[in-house]
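Quick notes on the structure that follows.
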Amino acid sequence: MIRLENIQRRYISDEVETTALADINLHVAAGEFVAIMGPSGCGKSTLLNTLGTVDRPTGGRYMFGDRDLAALDEKELAAFRGSTLGFVFQSFNLIDELTIEENVALGLAYRKDAGDRRARVAAAMDKVGIAHRSRHFPHQLSGGQQQRAAIARAIVGDPKLILADEPTGNLDTANGEQVMSILMGLNDEGATIVMVTHSPSHADMAKRRIDMLDGRIVASAMRAL
Amino acid sequence: MTNRYALLSLYRSLTRHRLYAALDIGGLAVGVAVFLVLGLYVRFETSFERWLPRHDQIYLIQTELHLPGSPFNGAYPASMAGMLEQLREDFPGLTGTRIRGGAGAGSVTRNGIAQREDVAQVDASFFDVFDLPMVAGDGRRALADPSAALVSRSAARKYFGSADPIGQTMTIGFDGPQVFRVAGVFEDLPANSDLRAAILTPIPRTPPPMRWDWYRWGTAAVMTFVRFPTRAAADAFAAKLPAFLKRRVGHDFGPDPNAILSLPLLPLTDLHLQPPGAESASRVAALVTLAIVGALTLLIAIVNYVNLATARAGLRAREVAMRKVVGASRGALIAQFMAEAVLASALATLVGLILTELALPFVNATAGLSLSVPYATLVPALIALAAGVGVIAGSYPALLLSRFPAAAVLASARTPGGGRAGTRLREVLVVVQFGLAIALLTGTLVLVAQTRHLRQTDLGFRRDGLLTLPSFAADDLAREQRQALLAAFRAIPGVVAVGTADAVPGDGVASATEQGGAGVDIIAMPGQPGPGLTVLRVNSGPDFFRAYAPRLLAGRLLDDAHRRDDATDWTKGKDGFNVVVDRTAVAALGFRSPQAAIGQTVGGAQPRTIVGVIEPLRFFSPRRPQSPTFYFHYPALPPRGMATLRYAGDARAVQAAVAAAWHRIAPQVPLVAEPVDRRLREFYAADDRAARLLGVGALLAVAIACIGLWGLAAFNAARRMHEIGIRKVLGASSGDIARLLTGQFLRPVVIANLLAWPLAWVAMRKWLAGFSDRIALSPLYFLTASLLALLVAVATILFQSLRASRAAPAWALRHD
């Protein structure tokens, strides 16, 4: 489904050039659950942002299915994100001024083909067990509940790919396990997931594990079944 | 320590966001400047005669007419010339003085030619009432001598140069030229005075020749002032005036003169803003409007400043938390924020003061004023203002931000910006700002439309190419001189017609204003109760209708060919005269149409037969209702007739020729010649000035409100960077984000209309009610103002929104 060929990402600021990604080659098949690990600053999040098209590579080719994403302009990329991708962040990134229901509905806000929005939002909240909190504001919820709401927002649009950036990083063990089980359940239902994590145990729950160092992929291993 | 850091941190925040700081401080500065300029103007207009010692003890005796249905009803500042003499007889010990004349009322003859001068005749007791400061001589003693005159400091310089004026002689014309000896010099009267006198001479002890109306009640020839030590004493005196009138007036005004005439007292300090007669209180209304505009602009600026300051401070929550982590106490933080805010508002106030000083020369030049900043009283007020605004602007960050638990702020992914309540409050403030700004804008549009309407309205005659000569009615002009002047004027190249009448455009009817009611005719209405219909009587002479060329609606104009057109011999009044009336009179008399009025005889025992009907000739202020008017014909010359020249071609050449003829034929009388359009302009001057000031105020208010909107949009975009990132990650395009931010900000602007429309509607309806000829209050003015405000707001916000929406989502998400 995803093919990255020689992807590079360099940042240039004030005469300092930083290479965040160097010659990344990666294939992710539909239905995979890939965990990316590595020390801080190794380029995990940059890779994830590149996959999510919120950061543009400075070199290489990003094919999604048979589409070359480099050919899309900003507007087309925005439409692509809205219809194809789901994001889960470490810091949840819920909008404080909106209720949980409204936050989840935001996942459909920029879709033209959303169908029955109300029903889809309710279904997504049900799936992650947050429906009873739908009228609350984010700050009224625990971290685990907030992250479940964020996952509901990510899946409400039936994305082909879910990108999760340390989704358990801000959670205690119990809540972390709960979030992981939700993600695994989604994967079992057919969702493709790419997840950045610092937790080896959570990485082991994925089907494939990739290790990064200094902007390069240094190891890639399939989970023994 | 704290202060040094406050200064440093203020300096940093000002220099780091230069444009932002300029708008922030500039907005408050402009608000302060608008408030100061308008405030100084209002202060000037309300300070008239307050410079006089004991000004609060001086009262003017007004003449108030209440004739049934008369357009001249109302209180006038003048009274019968001999009234004070009669008052003195009935109230021994009364302190009072008359002022006869004033601006341009007399003349000084130099080299055989009389030049107009501000001459006033006053009683010997003048200095008991008006304690004018003297430069030389004893004013009180001088006025006891019938041949002595007092001159002002600048008049002394004008006529005698550097020579000592005391003892010099000069020929002063009032009721005819007379030689006076200068016995004293008084200080020039200040700008905030309605007393206009360069020369003071004693008022005659017996009525001068031709002044048959000296003791005629209802006339208005002099201003009569009285002085009482207390308000109670003045009230006691006023209470005795009805009995005085009953005793003195006799039967000229029916069995009870108090039914038609009264003599109310007006405090001297109220005189300047008191409109004469039936005119609406336009001066007060204009002043109140300007005061409100000034206060509102300052209010908008303060709201704006506080709004921006608190919004910006909200972004510093992290800084506050860090300061706390490194050991700052809450007290130190409060002190720092307060000091910063007060310093910034002090800077803004100072800039406002500088702007005021820069603006005053222009304001003075355009409005003919001499306003200046009274530093002694203003500086403490400005310090209080700066401190007050600073404390309000500083208290939010000082008290609220310093209370946040540092750890929570630092751990939180986002900046506390006041949450929902803070957003709501800011929206409410934007609604208030824009509501006021849109109301001001609407008011300006209506004001401009109304003044333009008045300027273009049909007066019934062409206003250009018309020159009036009020001095043609001067008493000391001999009959032969008048005839010679008329002949000379007719011979001037370009002059088409020389009309005469006791009325000219600009100040209406000479006899009506000078004699209070003599220009009024009462038409008995058979079958109706009361004395009848009060109409305006214009006595017209030869060529009057040719000079003004009114539109004839029915019948014919008056001429020499018809015997009964001649109204010269008033003893023939019982036989009846022919008259021309205007359309207003036709309606007032109850005729169906102009045609139906032709040939009708009205007036009972004083029959007048209507032979012609014309469109009204509007000579009066547009604030005065058009009164029904009757025109009488005097084939030779009407009494107190003024001349009006209709000419074609170069105005200056005609005026020069008129002046030359006048100085040749009547050098002893000062020439007063004015183009009609200039005289008419005076009617609009006050409204024009108000429109200009209001317009500038409204534009600045809208500008300040937009600065506020711009700042808030910038602040909001910064605060919502995070949200923008989330939305973009979820697939929002730049257009979606720009629409979201713009729409959210336009909502308060749109809601502001709900506040602005009723406000503007009530205010402008009240203002328009002061005009008899007024525009309709069309919704177009409201919509235009709203649309303008909306356009400016969109332009302001769009820039910010577009910039925010273009930010890369990954950057936006990391940005806090």
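Coordinate-derived values only; no laboratory data. No experiment lies behind these values; they were computed from the predicted model shown. Reconstructed Cβ throughout: ideal geometry from the backbone, glycine too, with neighbour counts over all protein chains shown.
The mean sequence separation of alpha-carbon pairs under 8 Å and at least six residues apart, normalised by the residue count of segment B:119-246, gives a relative contact order of 31 percent.
Within chain B, the longest run free of exposed loop sites, counting trypsin sites (Lys or Arg not before Pro) that sit outside DSSP helix and strand states (H, G, I, E, B) and have at most 11 other Cβ atoms within 10 Å, spans B:206-591. Which one of A:94, A:13, A:33 has its Cα pushed farthest toward the positive end of the charge dipole of chain A, where Lys and Arg give +1 and Asp and Glu give -1 at the Cβ? Toward the positive end, the furthest listed residue is A:33. With both labels modelled 7 Å from their Cα along Cα-to-Cβ, the residue B:283 to residue B:768 distance reads 2.7 nm. Restricting attention to the protein assembly as shown, close to 70% of DSSP beta bridges with both partner residues there are antiparallel. Under a 5 Å amide H cut-off, with hydrogens placed 1.01 Å from N, residue B:582 pairs with B:614, B:629 among residues at least 5 apart or on other chains.
Pick from A:127, A:112, A:44: which residue has the top mean-square fluctuation in a GNM of chain A where Cα pairs under 10 Å get a spring? Between A:127, A:112, A:44, it is A:112 that shows the largest mean-square fluctuation. Here chain B is treated with +1 on each Lys and Arg Cβ and -1 on each Asp and Glu Cβ, and its dipole about the Cα centre works out to around 3620 debye. Using the Cβ-Cβ distance between residue A:80 and residue B:425 with R0 set to 56 Å, the FRET efficiency works out to roughly 0.90. For residue B:660 and residue B:178, a Förster radius of 35 Å and the Cβ-Cβ distance give a FRET efficiency of 0.85, rounded to the nearest 0.05. Helical runs (DSSP H, four residues minimum) scored at -39500 (n - 2.57) apiece and divided by the length of chain A put the mean residue ellipticity at 222 nm at -10000 deg cm²/dmol. Length gained on full extension, residue B:778 to residue B:86, computed as 0.36 nm times the residue gap minus the Cα-Cα distance: 243.7 nm. Computing FRET efficiency as 1/(1 + (r/R0)^6) for residue B:358 and residue B:332, where r is the C-beta to C-beta distance and R0 is 41 Å, gives about 0.55.
Considering only B:288, B:206, B:351, the residue lying farthest towards the positive end of the dipole of chain B is B:351, judged by Cα position with unit charges set on Cβ.
Extension gain for residue B:141-residue B:600 works out to 159.1 nm (0.36 nm per residue, less the C-alpha to C-alpha distance). Helical content alone sets the calculated 222 nm signal of chain B at -16500 deg cm²/dmol, taking -39,500 (n - 2.57) per DSSP H segment of four or more residues and averaging over every residue. For the residue pairs B:246/B:766; A:44/A:160; B:240/B:572, alpha carbon separations beyond 31 Å are given by B:246/B:766; B:240/B:572. With the charge dipole of the protein assembly as shown set up from +1 on Lys and Arg Cβ and -1 on Asp and Glu Cβ about the Cα centre, the Cα lying farthest toward the positive end among the listed residues B:398, A:150, A:219 is that of A:219. Using Cβ point charges alone (K and R +1, D and E -1), the dipole size of segment B:55-272 about the Cα centre works out to roughly 360 debye. One chain, two ends: residue A:220 and residue A:6. Fully extended at 0.36 nm per residue, the span grows by 75.4 nm beyond their Cα-Cα distance. Counting charges near residue B:670 (Lys, Arg +1; Asp, Glu -1) among other residues having Cβ under 14 Å from its Cβ returns a value of -4.
DSSP assigns beta bridges within chain B; of those with both partners inside it, close to 75 percent run antiparallel. For the protein assembly as shown, the dipole from Cβ point charges (+1 on Lys and Arg, -1 on Asp and Glu) about the Cα centre works out to 980 debye, to the nearest 20. Sequence-distant contacts, meaning Cα pairs under 8 Å at least 6 residues apart, place the relative contact order of segment B:55-272 at 33 percent. Seen against the Cα atoms of chain B and their longest principal axis, helix B:282-314 is set at about 10 degrees. Annotation for residue B:266 and residue A:23: the two label points, set 7 Å from Cα along the Cα-Cβ direction, are 9.9 nm apart.
Each residue, residue A:198 and residue B:235, gets one label point 7 Å from its Cα in the Cβ direction; the gap between the two is 8.5 nm.
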